[in-house]
Amino acid sequence: METKPVITCLKTLLIVYSFVFWITGAILLAVGVWGKLMLGPYISLIADNSTNAPYVLIGTGTVIIVFGLFGCFATCRGSPWMLKLYAMFLSLVFLAELVAGISGFVFRHEIKGTFRRTYTEAVKHYNAEDEASRAVDNLQHKLRCCGVYNYTSWIESVYYPSNGIPASCCFNSSDCQPEDLRNATVAPSKVYHQGCFELVTSFMETNMAIIAGVTFGIAFSQLIGMLLACCLSRIITANQYEMV
């Protein structure tokens, strides 16, 4: 078999793969920036160290973009040591994504427990002004829920004695006056009865399998790049092929 057509074929496949890999990095970078700008307050209700999550995506996306370009350059140059370095990087990405996927699936109950604790604290110390309070309002309004388990969760908050239940719990804002929310008899007929914790955790449980499947699929796709890079490096080295 002629080696030059084989090398050309492998180079084409690896360049296409590196380009797709580069796009993946760009998507992660975009999601990280979007998450920092738009989802920061919501994420703070899910994890104690939530503020680091967008930065992790931004950093990972940036590194993938750089190495995606490096992979294209190494392939065009036909440098065996560059291709081996590229394969090594892909193997590290594969292991990191595999560990992240397994950890997320195994510790999903701990994630739910963390959300319950942080959201309960946000409700308890709600003041309608700080970032956590605004996140609670947005969550209740968009998910059409109230409190942790139901509207009675607000009775234990520091906000309730003076102001009653927050207006974000109202299912009809035009028919929900401040005095109604302070009235323990009238308020239950004006607010949502379903708690936010149940809605969020139900969504997590329903979509966890999909998220895990996508994560593992992306992780194992790195094996294709590793195989192509190693094969190309080996063939070039064995046949002392030089790019013209």
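The values are calculated or read from the model by the stated rules, or taken from the named source; none is laboratory data. The structure presented is a predicted model; accordingly, all values stated were derived computationally and were not measured. Backbone-built Cβ (ideal geometry, glycine too); neighbour counts: all protein chains shown. Ligands, DNA and RNA are excluded from the accessible area calculation, which covers all protein heavy atoms including side chains. Shrake-Rupley method; radii C 1.70, N 1.55, O 1.52, S 1.80 Å.
Bridging of K4 to aspartates and glutamates at a Cα separation below 18 Å is possible for E242, once same-chain residues fewer than 8 apart are set aside. Net charge of the neighbourhood of A128, taken over other residues with C-beta under 12 Å away and scored Lys/Arg +1, Asp/Glu -1, is -3.
Ligands, DNA and RNA excluded, the heavy atoms of Y17 present near 30 Å² of accessible surface to a 1.4 Å solvent probe. Would you mind getting me the FRET efficiency between K112 and E156? Use the beta-carbon distance for r and R0 = 25 Å, nearest 0.05. According to the calculation, E is roughly 0.75.
Measure off 7 Å from each Cα along the Cα-to-Cβ vector at S79 and A26, then give the distance between these two points in nanometres to one decimal. Distance between the two pseudo-spin positions: 2.4 nm.
Rolling a 1.4 Å probe over the protein heavy atoms of the stretch 75-202, with every protein chain left in place, gives an accessible area that is 57 percent carbon and sulfur. Counting only heavy atoms of the protein chains and using a 1.4 Å probe, D175 has close to 80 Å² of accessible surface.
Heavy-atom accessible surface of the stretch 117-162, averaged per residue, reaches 58 Å², computed with a 1.4 Å probe. Between F19 and K142, the contour length at 0.36 nm per residue exceeds the alpha carbon distance by 40.5 nm.
Partners of K11 within straight-line reach, counting lysines whose Cα lies under 23 Å from its Cα and excluding those fewer than 8 residues away in the same chain: K84.
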